[in-house]
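Colleague: Questions regarding the structure given below will be posed in turn.
Quick note: the coordinates plus some simple rules give every number you see, no bench work behind them. Model, not experiment: these values are computed from the prediction. So basically every Cβ, Gly included, is an ideal-geometry build from the backbone, and we count neighbours across all protein chains shown.
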Amino acid sequence: MVYMYADLAMAYLALSDLEKAYQHATSSLADTEKNVGHFNSGYALDALAQVEVAREDWLSATEHFRQAIDHYQQDENRHCVALVQRHFAEALFKQGERQQAIALLHTALTTFQELNLAHEIAAAQKLLDVSDGQGQEEVFQ
């Protein structure tokens with residue numbers, strides 16, 4: 001159920017229904033208490049943090065991104081650590097924290113390159129390319 005709720009949260013987020021997105025994201029996190037595991041917790045926390053970014057709840061989003069990274073590190077899942085770092089970097093760009101976002105994005109990009117994940121490399125590189133202001137409005141919405 002962790003994944004279903006988190007995936008529903010992301011679907012509602014894509015539809016800009018922030019209330020339903022938040023409800024499902026918090027349900028996902030609550031479900032991790034029954035389905036203990038670092039991967040489950042990381043997945044739920046990342047979804048919740050992304051919803052909180054859309055709600056502009058920066059403090060909660062920051063805390064949840066950091067917790068998600070910690071859970072994935074404990075699970076030794078480098079791909080997911082880097083994925084959450086990329087999501088966190090996007091949030092930092094939205095907050096105007098450009099230098100911190102770029103540093104985090106470079107860390108994620110290095111991991112994606114080490115893992116040879118072409119699609120993730122492209123996504124991270126796109127964010128870095130627009131971090132100088134070109135096309136930023138379409139990427140960081």
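Colleague: Can you give the calculated 222 nm mean residue ellipticity of the chain, where each DSSP H run of n ≥ 4 adds -39,500 (n - 2.57) and the sum is split over every residue, rounded to the nearest 500 deg cm²/dmol?
Modeller: Rounded to the nearest 500, the figure is -26000 deg cm²/dmol.
Colleague: Using only alpha-carbon positions, what ratio does the radius of gyration of the chain give when scaled by 2.2 N^0.38 Å? Mind showing how you got there, number by number?
Modeller: Details: Rg = 14.5 Å, N = 141, 2.2 N^0.38 = 14.4 Å.
Taking the Cα Rg and dividing by 2.2 N^0.38 Å, one obtains 1.00.
Colleague: Applying a 10 Å radius around every beta-carbon, put 37-43, 124-130 in order of their mean neighbour count, most first.
Modeller: Descending packing order for the listed peptides: 37-43, 124-130.
Colleague: Next up: Straight distance only, please: which lysines reach the Cα of Lys94 with their own Cα at less than 20 Å, same-chain residues fewer than 8 apart left out?
Modeller: Lys126
Colleague: In nm, what is the difference between 0.36 nm times the number of residues separating Thr26 and Ala103 and their Cα-Cα distance? Before the final figure, lay out each step's value.
Modeller: Values: separation 77, 0.36 × 77 = 27.72 nm, distance 2.91 nm.
Once the chain is fully extended between Thr26 and Ala103, it gains 24.8 nm.
Colleague: Let me spell out the model: positive unit charges on the Cβ of Lys and Arg, negative unit charges on the Cβ of Asp and Glu, origin at the Cα centre of the chain. What dipole size does that give, in debye rounded to 20? Show your work: numbers first, answer last.
Modeller: On the way: 9 positive and 21 negative charges, 20 e Å.
It comes to approximately 100 debye.
Colleague: Next up: Region 22-59 to region 106-122: how many Å between their Cα centroids?
Modeller: 24 Å
Colleague: While we're here: State the answer as a single residue: which of Phe93, His106, Val130 lies farthest towards the positive end of the charge dipole of region 78-141, with beta carbon charges of +1 for Lys and Arg and -1 for Asp and Glu, about the Cα centre.
Modeller: Most positive-ward Cα: His106.
Colleague: Let me ask something additional. Hey, in the GNM for the chain with a 10 angstrom Cα cutoff, which one of Ala14, Ala47, Ala101 fluctuates hardest?
Modeller: Taking springs between Cα atoms under 10 Å, the residue moving most is Ala14.
Colleague: Let me ask something additional. Any idea what the relative contact order of the chain is, in percent, if you count C-alpha pairs under 8 Å spaced at least 6 apart? Intermediate values should be presented prior to the final figure.
Modeller: Details: 183 pairs, mean separation 22.8, N = 141.
Reported as a whole number, the value is 16 percent.
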